[in-house]
Amino acid sequence: MSTTPPEPPISRRQFIGQASCGAISATSLFSTLLTLRLANSLAAQSTTGGEGDYKALVCLFLAGGNDSFNMLVPTTSGEYEAYASVRGNLALARDTVLQITPGNLGGRTLGVHPSMTEVRDLFGQGRLAFVSNVGSLVRPLTLADYRAGRSLPLSLYSHADQIKQWQTCIPDQRTAVGWGGRAADIIKSLNGPSLVSMNISLSGQNVFLTGRDAFTYSVSSGGATALTGYSPTAVNSLTAQRTKGVDSVMDQSYRNLFEQTYAESTRDAVDSYYEFSTALNGITLTTPVPTGNSLASSLAMIARVIAARSRFGARRQIFFVQLGGWDHHDEVLNNQLTMLRTVSQAIGMFSSALTEVGVADRVTLFTASDFGRTLSSNGNGSDHAWGGNHLVMGGAVNGGKVYGDAAAGHYPDFRNLAAIDTGQGRLIPGVSVDEYARDLLAWFGVSNSNMDYVLPAFSSRFGGRPSLGLLSASTTTPTTPTTPTTPTTPTTPTTPGSTSPSAGSGGGGGGGAPSTYFLGALGTLALLRLRQKRLAKKKPKAGEAADGPT
Amino acid sequence: MRATFLPRLLLTLWGFVGGLAGQTVVPETNITADEHASRFLAQATFGPTTEAITELRNLGYNYSAWIDREVAKPVTLAAPLVTAARESGQVTTITNAHNRRARNQVMIAGSDQLRQRVAYALSQIFVISDNISAISNANEGSSSYYDMLARNSFGTFRQLLYDVTRHPMMGRFLSHYKNRKANPTAGTRPDENYAREVMQLFSIGLYRLNADGTYQTDGTGRPLDAYTNDQITEFARVFTGFTDESTNNTGTGTGRTDFPSAGQNYTAPMRMWDPQHDTGAKNLLSYAGARKPTLPAGQTGLQDIDDAIDNLVEHPNTGPFICRQLIQRLVTSNPSDGYVARVAATFANNGRGQRGDMVAVIKAILLDQEARNLAFVLDPEHGKLREPFVRVTHLLRAFRFSVSGTLLPYDFGSAVTETTIGQYPMSAPSVFNFYLPDYEPPGPLSAAGLVGPEFQILNSVFGITTPNAVYNLIHTSSGSFTLDLAPQASVSDNAGALVDNIDLLLTHGTLSSGTRAQVITAINSVTTAMVPTGSTLALTKARLAVYLIAVSPDFAVLK
């Protein structure tokens, strides 16, 4: 792996800005900025200790609510029969599931879904663990609490809300900032400057990776795409005129907030393409990637991005990939046969790819889902429920075990679900998403003092509970970045009005720290007026803060 | 927004170097009557054409009369196009692609444009998706479902919800097809999927609403749930007993109570097979004015269905919940509370005592001052990101597209699909459509507390692949579609005239002076030496101008 970044292709726009600033020659600025960027990257590398401290989280979101009590099944004598009884015609036959003996269940045995041979193997190798009966909780809850409607997550059993709550870890307020995004807010300063965010999605926009400042870079499993007919190095050609035209239009500041957002998004997409595609150039895997498996293709792309991490100056990255179609009200058995096969095959490939790249113990993949499903059958499917089982895979995972509510034996005893069954086999979770996330974040490098920012509800609601012990503790904690100084008003610090970095109304780059946006005095006043007017008329959403509980 | 070190340093440099040029651009509002008509057509159809603008001019720009004329037109249907293809022998097996091509034809070229545009909006609320094989492998089923929406676009909301509920494609998508009543012996109970989504998405929504669409809250500001999980279970018992339409009256299984054997019927309304219908008493929604909050035992399945549909339609939430979304699909993402209230009031009573009059609602949406008054063009918070599919159809219609081929020729091929532009009609990733009504994109919009649903499918992938799809359409073709830019080429020797021509069709006269200037500069910079082989200077200039405006924020956002 090279230690100096390759020459980055930087768009002419970044130097020329508006066409009228022609007094400065583009060439001289290009080399000036190139020198600055290289110096910056090298500086970043030297102060942060180099490659040795890289870590990445990969969130695999199974959208729709995976029927995960058929992904991990109790097989101990007595327990299996109780499982078969409550699941009725949805029960998997005991001799078809793949037997595992977790190291911490005192001899109780479980079975992995028949399609998931790679998962079973990784469990046996100690590279994979299960977390059982995880779900969104406002606080630890009893059945009496549930029946009385005390402290319930908002809109339990509703897809859109539960997806959001899994991704924000804030189940009692409507917010759209995710815990992956907040982790990036804290930690992104460990990374070198890059137009490609440390938060990378293979599945488009998502709440999980959205932070207060941190944004998401989306890419498809085939890689980034170039804008047709656009080239920053073209001169004196149709392409050059088109490029100039696109740049000049996208670089304008638009007063209409929709136009401004579109311009910024397009600008970012075009710029980050160059960095991304250059970084990935020549990075290939020898690990075979199964064909016809879209999840495997996405995970293979993630592996390649990780292989190219030094070209992004990245010491920390968070990835998101979603696989949809799990809402099995119908045909759950047949559907899971193929879909869990897809998941297992992809995870198996990913583990091998990470080993090939040399980062097996630096990358942790974890699953998430809206919810588990009812243990009882609706005929040939199951309906929306609550707690469900998940898996965590990586070299740093304390594998070969099942982590859950320790007091209840880590994995629910199907002979005795009365205390947690709200009806139809909808189980109150024994582990909150907060606790699940906390173990992952602590390993990732979020210090205790910063954990309150990333998981605002954790310490007051779950702080007394012991850590799950999912992952080996880090031996080297990176220099803790300070909590970002964020405004106390519940708005993001971004202000509309001008694009970055070129256009702006009037000079503003002078005194004080340069801000990302330049606004003239009149523009600022106008915006304040507009914002006040809109916030006054805003529909009340329950206790909503833009970024979490106050 | 992107607090990277690099641009900050650059900005400081620029500060010293001599300041930055560039002022904030605003839309033009000095627009002609034709341009205003073009803007109306962008809201009410799949895109303005010069012919349609002329028609409106001849109507004296009377938008209400235009709507009446549209309502009187016969509906153009997609499913018969697919059936005809099979019966002519040109197609042996109907595929999903055939259905898509048939629907493209009626949406893009149907003369009943308002109806088609409303049907498309309804397809994003009453969502089924060919994303799953039960829909994509159902012969004409998906087109039959779309046609059902089109037929109901100018009817009553009650009839619409009833027909949606009984359509076999919705039955398969939300699994109330062959939903059996509870069987205590087998330990099964009815599937709750349709019961949940018919409330959450198709009628009342998650939270109790005021008449203007704002949330009702408790003392602490928390919104109030519109329904409980128990009520879902009750409604699930209503939606039991549906199966394929057939004339076979012999049940199967124990006591012959299970569904009769029948072939799959993907188009006729589902049949109610009463032996599998739960006939017990049921508790539905209770609200002021509810006619039957409780259903008595012993009703037939269809009686239960009728009463349940009424119970949902007549709930005070339904008007504001549905109307706000229709406004978002046609006009603007953040309607004022007043706008929602006015449209919802029309939903509640069309002035003649009728509830759910779709034509009255559509008129209320399109003729409201918030849709028509040009002052809103200048409101920085007004408007919406045009959804990518409609941007494409807009370009097709504005630039006199032609299609090649004869068999279901409205075929985008691989150029325009959900993977290239982020969406495709009736192919949403789930019943939650391509984007949520309350999606707030990070950045200036969320900072202002505004939603922009269509931004949910704008990211660094589609931010490039959608302009690329537009590029291909303009410079070559997309599947069987080709544009005709001859009218634009013919005025391209005068850059201003060329831009005006495109401004009328794409940006309805609102093209900002800033973008106009940039595009004119680009056009005037094209030399003969730059013209690609086989093209002309005129056409090259025309394509460049169309492309730049088509990808500009001025066009991307409908104001």
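Taken together, the values in this text are just the output of simple stated rules run on the coordinates, not laboratory data. Only a predicted model underlies this, so the values are computations on that prediction, with no experimental measurement involved. Cβ atoms come from the backbone with ideal geometry, glycine included; neighbour counts cover every protein chain shown.
Structural remarks
- With N the number of residues in segment B:308-381, Rg(Cα) / (2.2 N^0.38 Å) evaluates to 1.13.
- Degrees separating the helix B:337-348 axis from the principal Cα axis of chain B, which is the longest one: 40 degrees
- Semi-axis lengths, largest first, of the ellipsoid equivalent to segment B:326-479 are 31, 21, 15 Å, with √(5λ) applied to each eigenvalue of the Cα gyration tensor.
- Compactness index (Cα Rg / 2.2 N^0.38 Å), segment A:87-179: 1.42
- Each Lys and Arg adds +1 at its Cβ and each Asp and Glu adds -1 at its Cβ; summed about the Cα centre, the protein assembly as shown shows a dipole of about 1060 debye.
- Per-residue 3J(HN,Hα) values for segment B:80-92, derived from phi via the Karplus relation 6.51 cos²θ - 1.76 cosθ + 1.60 with θ = phi - 60°, read x, 5, 5, 4, 4, 4, 6, 6, 7, x, 6, 10, 8 Hz in sequence order (x marks Gly and Pro).
- Using C-alpha pairs below 8 Å separated by at least 6 residues, the relative contact order for segment B:185-270 is 23 percent.
- Rounded to the nearest 20, the Cβ-based charge dipole of segment B:365-515 about its Cα centre (Lys and Arg +1, Asp and Glu -1) stands at 320 debye.
- For segment B:374-397, backbone nitrogen atoms closer than 16 Å to the point 7 Å from B:Tyr61 Cα along Cα-to-C-beta are found at B:374-377.
- Once C-alpha pairs closer than 8 Å and six or more residues apart are averaged by separation and normalised to the residue number of segment A:306-425, the relative contact order reads 24 percent.
- Counting Cβ atoms of other protein chains within 10 Å of each Cβ in B:433-446 and taking the mean gives 6.
- A:Asn448-A:Asp361 FRET efficiency (beta carbon distance; Förster radius 30 Å; 0.05 resolution): 0.85
- Surface/4 of the Cα convex hull for chain B, nm²: 31.2 nm²
- Segment B:288-297 - phi-based ³J(HN,Hα) in whole Hz, Karplus 6.51/-1.76/1.60, Gly and Pro as x: 4, x, 5, 6, 9, x, 10, 9, x, 5
- Inter-probe distance in nm under a simple model that places probes 7 Å from Cα toward Cβ, at A:Ala226 and B:Thr92: 4.3 nm
- Long-range amide H partners of A:Ile420 with built H, under 5 Å: none
- Nonlocal amide H pairs with B:Thr294, under 5 Å, H built at 1.01 Å: B:Leu284
- When shorter helices are ignored and each DSSP H run of at least 4 residues is given -39500 (n - 2.57), the per-residue value for the protein assembly as shown at 222 nm works out to -12000 deg cm²/dmol.
- For segment A:282-327, the Kirkwood estimate of the hydrodynamic radius, built from every pair of different alpha carbons, is 12.1 Å.
- Rough spin-label spacing in nm, given labels placed 7 Å along Cα→Cβ, for A:Thr233 and A:Leu337: 5.4 nm
- Using a cutoff of 8 angstrom between alpha carbon atoms and counting only pairs six or more residues apart, the relative contact order for segment B:440-559 works out to 25 percent.
- Distance distribution P(r), the protein assembly as shown, all Cα-Cα pairs, bin width 10 angstrom from 0: 2, 10, 19, 24, 22, 15, 7, 2, 0, 0 percent.
- Residues of segment A:228-259 with amide N under 17 Å of the 7 Å Cα→Cβ point at B:Thr521: A:231-254
- With R₀ set to 35 Å, the beta-carbon distance separating B:Thr228 from A:Ser467 gives a calculated FRET efficiency near 0.45.
- Relative to the longest principal axis of the Cα atoms of chain B, the long axis of helix B:358-367 lies at roughly 20 degrees.
- Relative intensity, log₁₀ I(q)/I(0), of segment A:323-481 from a Debye sum that treats every alpha carbon as a point, q = 0.12, 0.14, 0.19 Å⁻¹: -0.66, -0.88, -1.34
- With kT/(6 pi eta Rh) evaluated at 10 °C and eta = 1.306 mPa s, and Rh the Kirkwood radius from Cα pairs, segment B:291-331 diffuses with a coefficient of 134 µm²/s according to Stokes-Einstein.
- Loop-located trypsin sites (Lys or Arg not before Pro) in segment B:246-352 whose Cβ has at most 11 other Cβ within 10 Å (DSSP): B:Arg291, B:Arg352
- As an equivalent ellipsoid, segment B:223-339 spans semi-axes of 34, 20, 11 angstrom, where each value is the square root of five times an eigenvalue of the C-alpha gyration tensor, largest first.
- Rg and Dmax of segment B:408-475, based on Cα coordinates, read 14.0, 46 Å.
- Estimated distance in nm for a label pair at B:Glu245 and A:Ser459, the labels positioned 7 Å out from Cα along Cα-to-Cβ: 6.4 nm
- Dipole moment magnitude, nearest 20 debye, segment B:90-214 about Cα centre, only Lys, Arg, Asp, Glu C-beta charged: 200 debye
- Sites A:Asp413 and B:Ala84, calculated FRET efficiency, Cβ-Cβ separation with R0 51 Å, nearest 0.05: 0.25
- Theoretical gain in end-to-end length, B:Ala33 to B:Gln216 [0.36 nm per residue, Cα-Cα removed]: 61.7 nm
- Among A:Ser294, B:Ala78, B:Ala448 - extreme Cα towards positive end, dipole of the protein assembly as shown, charges at beta-carbon: B:Ala448
- Positive-pole candidate from B:Pro275, B:Gln325, B:Ala262, dipole of segment B:262-365, charges at beta carbon: B:Gln325
- Here the translational diffusion coefficient of segment B:87-194 follows from Stokes-Einstein with Rh set to the Kirkwood radius across Cα pairs; for 25 °C and 0.890 mPa s it amounts to 161 µm²/s.
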